[in-house]
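Okay, structure first, notes after.
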Amino acid sequence: MTTLTPHTGYLTGRLLMATLRQPAFVVIMLIQPMIWLLLFGQLFKRIVELPGFATGSYIDFLTPGVVVMTVLFTSGWAGMAFIDDMDRGVMDRMLASPASRGAMMLASVLNQAVTVVVQGVIVVLVGLALGAEFPGGIAGILVMFLASVLLAAAFSCLSNGMALIVRTSESLIGFSTMLTLPLSFLSSAMIAREAAPEWIQTVSSYNPVDWTVVASREALSADPDWGAVLLRLAGLFVVAVVTGFIATRAFRAYQKSL
Amino acid sequence: MTHVRGTAIEAVALVKRYGEVTALDGLSFTVPAGTVFGLLGPNGAGKSTTIKILTTLSTPTSGAATVAGIDVLAHPNAVRRAIGVVTQGSGTDRQATGRENLLLAAHIHGMRGRAATARVDELLELFDLTGAAKRLVKAYSGGMQRKLDVAMGLVHRPSVLFLDEPTTGLDPQARSEMWAEIARLATQERLTILLTTHYLEEADHLADHLVIVDRGRLVAQGSPEELKSELRGDAVVVELAPDASVDSARTAVEAMAREVTVTGRTIRARVDNGASAVPAVLAELERAAVAVAAVTVARPALDDVYLRHTGRTFAAASASASGSGSEEVAVA
Ligand SMILES: Nc1ncnc2c1ncn2[C@@H]1O[C@H](COP(=O)(O)OP(=O)(O)OP(=O)(O)O)[C@@H](O)[C@H]1O
Ligand SMILES: [Mg+2]
């Protein structure tokens, strides 16, 4: 008798509905990645002249980077909804009901997935409008979204797990900010791997954020190395499953504090 | 209410420690099925802690409990399907409508399609929320929110309903509506209801049985009538004038009555017959040259039961308890 699937459906519906009811939030979510693409695109326009950049256009290069940074900055906040629920008594009511813990986690992940895909579409459209070219075509774009969703899953689980442990928005904000900026700069999101110092190159090869960027750029290129793409997607999948599992265990930590 | 069908809730020697704080200190009680059971006590007494353990939210440091015949520690999920829970404060999603809140609760409990919507409509009607069903909960009044809370706890027709302070913070009108609803649920739907309250009046009005809890321990139990009849006679309360000597007053009252306690400038005592004792008490006070501001006589109330078992008045206990969430002080 599994309740995971139906509960995930109902709980995801609740979260999506709550998002849609905050139009200001929706607008900000949609505008933010556009601003990044425009701003960074201008700021770093001539960076491609550095040795190590394969493409001649920074917008081509930057678009997947901004998609991935958006994922981080969006899903890093997933736990805020958990904290809201704790403050409002919704969490306790859920936990005293037969609601599946796995479904509570998965619903948050799916909500984030929908958000990051919508944001991703916006970034791609703006990129195209700015003259970006994606030789990998639709398939490449879909792979980028898949990688982004896996990264969003890992990150929102991390954020949710942390929320269940620290239980205050202040601590969660601190945790999330502490993590997102370094993780994005310790990756090739903004700057080609070969243009970064050697130690950053080493660190970034263990960074799931970098796996997402590399898999996306590779899939968007004219002649993708599918082996490299699959390897990184598999890595992201494992990270997402493991963080999901650990984060779901964090419900126990939360209940211990009650 | 005499339809006893066995035991709905059994708590055995529950202990709960939070670090240095002992919230529950060996609490045991039994709730017969189909009754309204009141858990009465001041702030920090351990009422919410008891509810959290019985509803599987929290686990006791030691002790055991069954709800609807199911062990809460061994089979928490089975307990969750059998119970309805209304937590202290609220548990509604404020960004959703009343109807959406109820539907989600129904769906979580495995109800589907028309069965779910029919039940939701029935509850909206029952709690007089049909008109507000499509409004967001954040626009609800406190009373409406609390009604929605209770409705959500009833969606799946549980056999045991837990209500943690269902009327705290409600205005008198909303409170009496809630009382009527709780009484109706108990008699017509034959639910077992465990409710906690700060209000002695509420426990007296609603509960078939009640336990008085203080600092995590049971201090008294029985029906409100039983508890009150433990106290022979009437309560006499003497308010002293500002310049009167409390010590001489105490000596004077002790000569005429028993169970004398002093709180500030108020002296409480017990006499067999209030009407005839008052003139004698006043004469004695006058002889001792004590100025009196007011004297009242009261039939025994639960407040007196509380005073007798804990040595504190209920209001004083509620006011002195620190560090707990509620700002409410009981008025009995
Ligand atoms: N999660 C917690 N962590 C630490 N201490 C707690 C926790 N929950 C309750 N306590 C402490 O346990 C004691 C009992 O609290 P509880 O909430 O059960 O009281 P209560 O009778 O419900 O009071 P109130 O009428 O104010 O709701 C209090 O001293 C409280 O501070
Ligand atoms: Mg409480």
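None of the figures in this text is laboratory data; all of them are computed from the coordinates on show. What you are looking at is a predicted structure, and each value in this text was computed from that prediction instead of being measured. Backbone-built Cβ (ideal geometry, glycine too); neighbour counts: all protein chains shown.
What the table below lists for this structure:
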| read-out | value |
| --- | --- |
| Sum of side-chain charges, A:Glu218 neighbourhood, beta-carbon under 14 Å (Lys, Arg +1; Asp, Glu -1) | -1 |
| Axial C-alpha extent at least 27 Å, average Kyte-Doolittle at least -0.5 - helices from chain A (DSSP) | A:23-43, A:101-129, A:137-166, A:226-256 |
| Relative contact order (%) - chain B, alpha-carbon pairs under 8 angstrom, separation at least six | 20 |
| Cα shape, chain A, gyration tensor, a/c 1.5 rule | prolate |
| Principal-axis tilt of helix B:274-287 within chain B, Cα atoms, nearest 10 degrees | 50 |
| Cβ-based exposure ranking for A:Val214, A:Val209, A:Val126, in which fewest neighbours within 10 Å come first | A:Val126, A:Val214, A:Val209 |
| Segment A:Asp225-A:Ala24, length gained on full extension (0.36 nm per residue, minus Cα span) | 68.3 nm |
| DSSP bridge orientation in the protein assembly as shown - percent antiparallel, rounded to nearest 5 | 70 |
| Environment charge at B:Asp121 (Cβ cut-off 11 Å; Lys +1, Arg +1, Asp -1, Glu -1) | +1 |
| Environment charge at A:Gly131 (Cβ cut-off 14 Å; Lys +1, Arg +1, Asp -1, Glu -1) | -1 |
| Computed [θ] at 222 nm, deg cm²/dmol, chain B (DSSP H ≥ 4; -39,500 (n - 2.57); rounded to nearest 500) | -11000 deg cm²/dmol |
| Virtual spin-label span in nm between A:Ala129 and B:Ala283, 7 Å along Cα→Cβ | 9.8 |
| Under Karplus coefficients 6.51, -1.76 and 1.60, residue-wise ³J(HN,Hα) of region B:181-190 in Hz, glycine/proline x | 5, 5, 4, 5, 4, 5, 7, 7, 9, 6 |
| Karplus-derived HN-Hα couplings along region B:107-121 (A = 6.51, B = -1.76, C = 1.60, θ = phi - 60°), whole Hz, x at Gly and Pro | 5, 4, 8, x, 7, 10, x, 5, 4, 5, 5, 5, 5, 4, 4 |
| Percentage relative contact order, chain A, counting C-alpha pairs under 8 Å, at least six apart | 26 |
| Region A:138-258 - percent relative contact order, Cα under 8 Å, separation 6 or more | 41 |
| Average beta-carbon neighbours from other chains, 10 Å sphere, peptide B:97-106 | 3 |
| Residue pairs, from the table A:Lys256/B:Lys228; B:Lys16/B:Lys134; B:Lys52/B:Lys228; B:Lys52/B:Lys147; B:Lys47/B:Lys134; B:Lys138/B:Lys228, whose Cα atoms sit over 32 Å apart | A:Lys256/B:Lys228; B:Lys16/B:Lys134; B:Lys47/B:Lys134; B:Lys138/B:Lys228 |
| Full-stretch length increase - A:Thr177, A:Ala139 - with 0.36 nm per residue and alpha-carbon distance subtracted | 10.4 nm |
| Centre separation in Å (Cα based) which lies between region B:22-49 and region A:160-207 | 48 |
| Residue exposure sequence - B:His156, B:His205, B:His198 - by fewest surrounding Cβ within 10 Å | B:His205, B:His156, B:His198 |
| Exposure proxy ranking, count of Cβ atoms within 10 Å, fewest first, for B:Lys134, A:Lys45, B:Lys52 | B:Lys134, A:Lys45, B:Lys52 |
| B:Asn77-B:Ala293 pseudo-label distance in nm [points 7 Å out on the Cα-to-Cβ vector] | 6.1 |
| Antiparallel DSSP beta bridges within region B:7-228, percent to nearest 5 | 55 |
| Pair B:Val237, A:Val238: separation of 7 Å Cα→Cβ label points (nm) | 7.2 |
| Derived scalar couplings ³J(HN,Hα) [region B:217-234; Karplus, 6.51 cos²θ - 1.76 cosθ + 1.60; whole Hz; x for Gly, Pro] | 10, 7, 9, 7, 8, x, 7, x, 5, 4, 5, 6, 6, 4, 8, 6, x, 9 |
